[in-house]
Structure formats: C-alpha cells, structure tokens
C-alpha cells in the first residue's frame, strides 16, 4: 500500500481493512499455528514435517491475500466517522489513482466506466458531465465494484458529518434519472458488499441521513 496524503489515514489500515481481510487473516493464523505445531512434533513423530511445511505455505499465501485485501485506494482524514466518533472539523475523503496520485474528493458520488480505447477502469462522477476522477489499474470486476461501494459509503458518511447538501444530491438524482449516456457494465454497488457486513450497515446508515 502506498502512503496516504498528510493528515489522511488509509482505509485499509482501519476497521474497513480489518473486515475485508478478516477471512484471509484467520486462515493465515490457523494454518501458521498448525504448521508450527506439525514442524515441532515432526522431531518425534515421523511424517509430520511435510504437512507442517504445506500448512506454513498456506499461511504465507493467506497472509499475502490479507494484505492485498487491505489495499483499498481510499483514505479519510481524522474527522471522518471511520476514524473518530465525534468529528472536530471537516471530514474529507481522498482517492488514489493507478499512478499513485491522491485526489481529495469534492461533493460527488462515484461510478465505474471503462476507457473506450484502452479498456482501463475509470472512476467518474455520477452526474453530468461525468468527469473522470481517476484511472484505476486492472483487477477483478468484483474488487473494482467493492472499492467504489466503499468509496461512496465513505463519501455519504462524510456528508452526514459535514452537513448534507440537498441541492447537490437532487442534481445527482436528476442526472441519473434523465440520462443514459454512460452505460454501466458493472454489478450494483450494494451487491459488492456482503449483506449484514459492517460496510453494508454503514451504507444503510448513511442513506438514512439523506
């Protein structure tokens, strides 16, 4: 993971990252523990060395997967609800491009699009004129959509803390309802978050403030 801008915290290093990496992290700890136990017992019990080494390999791969899951291209400042329960100032959200450049997001929501020439994933504003925000690297569609869902949840919570701009939100809704110029080829944001997860609950909470 790259370093976040000054005053910002990478989402992968807080509870959001913990949730996304939980399954792989648990597998790493369990496999690592079993592997070390087998290697230790192999000193007295024949045939346990190979299973122990395999378990340690599984642990290493699972740990790598956990770190990959934490690589979320968003960061928030200390006033965001994902950092402090009680904000002391303006909450902000930043997004990282494939070139590792950070941009602090304004009053927008995000959606995914594909570069018509290169096929690269593009993050664009969800209202006209659908300006490109950043370009992302190629990865699975599910992971890209999960990132956008996390980013939009972070933005919704940011707006709840800072005071929601109803006029801007109404403009976004009209743009989404009245135009079909930007065709979506991705699953819905809600589908990218597991039902009942903390992220999905945060999303529902944020919607309730709008």
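The values are calculated or read from the model by the stated rules, or taken from the named source; none is laboratory data. Note that the structure is predicted; figures quoted are calculated from it, not measured. Virtual Cβ from ideal backbone geometry, glycine too; neighbours counted across all protein chains shown.
Only one residue in 10, 20, 43 is surrounded by fewer than 15 Cβ atoms within 10 Å (Cβ to Cβ) and either over 21 Å from the mean Cα position of the chain (by Cα) or within 30 Å of residue 156 (Cβ to Cβ) (or both). Which one?
43
Would region 93-101 turn up any residue that is assigned by TED's automatic domain parsing to the domain that holds residue 145, touching a helix residue (DSSP H, G or I) at 6+ places or on another chain (Cβ under 8 Å) and at pLDDT 90 or above?
The answer is yes; a qualifying residue exists.
Yes/no matrix, rows are residues, columns are (1) in the same structural domain as residue 147 (by TED's automatic domain parsing); (2) without any contact (Cβ under 8 Å) to a residue 24 or more places away in the chain; (3) touching a helix residue (DSSP H, G or I) at 6+ places or on another chain (Cβ under 6 Å):
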residue	(1), (2), (3)
7	no, no, no
21	no, no, yes
42	no, yes, yes
59	no, no, yes
Original post:
Within region 61-68, is there a residue that is touching a residue at least 24 places away in the same chain (Cβ under 8 Å) and within 20 Å of residue 133 (Cβ to Cβ)?
Top reply: no
Original post:
If you scan region 101-144, which residues turn out to be free of Cβ contacts under 8 Å to residues at least 24 places away in the same chain, part of a loop (DSSP other than H, G, I, E, B) and farther than 25 Å from residue 77 by Cβ?
Top reply: 115, 116, 117, 118, 119, 120, 129, 138, 139, 140
**OP:** Kindly check whether there is at least one residue in region 138-145 that is modelled with pLDDT of 90 or more, in contact with a helix residue (DSSP H, G or I) (Cβ under 6 Å, 6 or more places away or on another chain) and either buried (at least 18 other Cβ atoms within 10 Å of the Cβ) or not assigned by TED's automatic domain parsing to the domain that holds residue 20 (or both).
**Re:** yes
Original post:
Taking the condition under 21 Å from residue 139 (Cα atoms) and in a loop (DSSP other than H, G, I, E, B), does residue 98 pass?
Top reply: yes
Original post:
Within region 71-89, can one find any residue that is assigned to a helix (DSSP H, G or I) and surrounded by 14 or more Cβ atoms within 10 Å (Cβ to Cβ)?
Top reply: no
